[in-house]
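The values are calculated or read from the model by the stated rules, or taken from the named source; none is laboratory data. Being a predicted model, the structure only gives us computed values, none of them experimental. For neighbour counting, all protein chains shown are included, and Cβ atoms are generated from backbone atoms with ideal geometry for every residue, glycine included.
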Amino acid sequence: MKLCLSCNSTFDGVSWKCPKCGSSPSKREGFEVFAPELADQGDGFSADYFKGLAKYEAGNFWFESRNRLIAWALKTYFPSAKSFMEVGCGTGFVISYLHSTFPQLSFTGSEIFVAGLRFAKQRTKSVSLLQMDARHVPFSEEFDVVGAFDVLEHIEEDEEVLAQLFRATKPGGGIIITVPQHKWLWSQVDDLSYHKRRYSRKQLVDRVKAAGFEVRKVTSFVSFLLPLMLLSRLRKRKANIDLQEEFKIGARANAILSTFMNLEANAIYAGGAFPAGGSLLLIAAKPGA
């Protein structure tokens, strides 16, 4: 159901106009806008970042491997899902991949910056897209699965966001989340990415459980490459770096790194879990009615 952010009433239907109080979101470039004050820039983050990101995502070993891992999680843990919402869809790289992999699902993508939605619209013409603040989600028990992929670390009030995701998820549904792991990996890359934190496994699990979810699986990934990642981060703690340079990898190096990520993913697909890695994947369920 839709949720009116003005009077907190729920309603169904195509229109976003609340039948109780008459309020409705504004419209911009064809997108419903629920948080117009944050649509262009916020918390130091520049919307210009999306242009560089969109350029390097396709073909990059990390983005491609994460997509396959997310798709595996969706297929394995929520095989009966009919609807999916991605919170913080950015340029649409993940949701476009999921849409092509699971064409039978209904997809909705949300992003706080309209600049990201412009790129997402180019990649996902048949996916519903809207602008919103993840701390105020305009849905209640609407989606079978909700995903947030490297989003929570950007938001100070992550516990509030998880509570919103719980409300937006249908009973019996669940969430899929990825976040950066290990505080000791913090570097200038995190500063430039406007991260609020890198998570420990316990920290993420505790916050997901506190929101009401039941954790089904949690594993690290980017585990085989963790030593290499640590060396890279140590070098960049004091260096002046260009964040876009992080995505520029030669074809040969990218192929080698992809091989390691594929080996790691196959172990996870077979039921394994890694205790340490550059990132965390968590899958959790909302108790059924």
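Which of the residues spanning region 52-73 are among the charged types (D, E, K, R) and surrounded by fewer than 19 Cβ atoms within 10 Å (Cβ to Cβ)? Before the answer, list the steps.
As a first pass, look at region 52-73 and keep what is among the charged types (D, E, K, R): 55, 57, 64, 66, 68.
Once the filter is applied, which keeps residues that are among the charged types (D, E, K, R) and surrounded by fewer than 19 Cβ atoms within 10 Å (Cβ to Cβ), region 52-73 yields 55, 64, 68.
Those residues that are charged (D, E, K, R) and within 14 Å of residue 275 (Cα to Cα), I need them from region 197-220; list them, please.
Filtering region 197-220 for residues charged (D, E, K, R) gives 197-198, 201-202, 206-207, 209, 214, 216-217.
Within region 197-220, 201, 202, 217 meet the criteria.
Within the bounds of region 53-63, is there any residue that is touching a Lys or Arg at 6+ places or on another chain (Cβ under 8 Å) and not aliphatic (A, V, I, L, M)? Show your work before the answer.
Start the filter on region 53-63 by keeping residues that are touching a Lys or Arg at 6+ places or on another chain (Cβ under 8 Å), which leaves 56.
Narrowing further to those that are not aliphatic (A, V, I, L, M): 56.
Yes, region 53-63 contains at least one residue that is touching a Lys or Arg at 6+ places or on another chain (Cβ under 8 Å) and not aliphatic (A, V, I, L, M).
Does region 27-44 contain any residue that is closer than 26 Å to residue 250 by Cα and in contact with a helix residue (DSSP H, G or I) (Cβ under 8 Å, 6 or more places away or on another chain)? Let's see the steps before the verdict.
Residues of region 27-44 closer than 26 Å to residue 250 by Cα: none.
No, because not a single residue in region 27-44 is closer than 26 Å to residue 250 by Cα and in contact with a helix residue (DSSP H, G or I) (Cβ under 8 Å, 6 or more places away or on another chain).
Given 192, 234, which one is over 30 Å from residue 159 (Cβ atoms), modelled with pLDDT under 95 and either in contact with a helix residue (DSSP H, G or I) (Cβ under 6 Å, 6 or more places away or on another chain) or not basic (Lys, Arg) (or both)?
234
Identify, by number, the condition in (1) closer than 28 Å to residue 249 by Cβ; (2) surrounded by fewer than 20 Cβ atoms within 10 Å (Cβ to Cβ) that residue 106 doesn't meet.
For residue 106, the failing item is (1).
When you scan region 1-29, how many residues do you find that are touching a residue at least 12 places away in the same chain (Cβ under 8 Å) and closer than 17 Å to residue 110 by Cβ? Please lay out each step first, then the result.
First, the residues of region 1-29 that are touching a residue at least 12 places away in the same chain (Cβ under 8 Å): 1-7, 9-10, 16, 18, 20-21, 23, 25, 28-29.
Of the ones still in play, those that are also closer than 17 Å to residue 110 by Cβ are 1-5, 16, 25, 28-29.
Summing the residues that are touching a residue at least 12 places away in the same chain (Cβ under 8 Å) and closer than 17 Å to residue 110 by Cβ in region 1-29 gives 9.
Considering every residue within region 18-35, establish whether at least one is closer than 23 Å to residue 221 by Cβ, of a type in the set (Val, Ile, Thr) and touching a Ser or Thr at 6+ places or on another chain (Cβ under 8 Å).
Going residue by residue through region 18-35, those that are closer than 23 Å to residue 221 by Cβ are none.
Looking for residues that are closer than 23 Å to residue 221 by Cβ, of a type in the set (Val, Ile, Thr) and touching a Ser or Thr at 6+ places or on another chain (Cβ under 8 Å), one finds none in region 18-35, hence no.
Here are the criteria: (1) under 21 Å from residue 35 (Cβ atoms); (2) surrounded by fewer than 16 Cβ atoms within 10 Å (Cβ to Cβ). Tell me which single one residue 125 does not satisfy.
(1)
Taking into account only those residues within region 242-255 that are loosely packed, with under 15 Cβ neighbours inside 10 Å and part of a loop (DSSP other than H, G, I, E, B), which is modelled with the lowest pLDDT?
242
Could you list all residues from region 211-234 that are touching a strand residue (DSSP E or B) at 6+ places or on another chain (Cβ under 7 Å) and at negative phi?
Of all residues in region 211-234, those touching a strand residue (DSSP E or B) at 6+ places or on another chain (Cβ under 7 Å) come to 213-223.
Within region 211-234, 213, 214, 215, 216, 217, 218, 219, 220, 221, 223 qualify.
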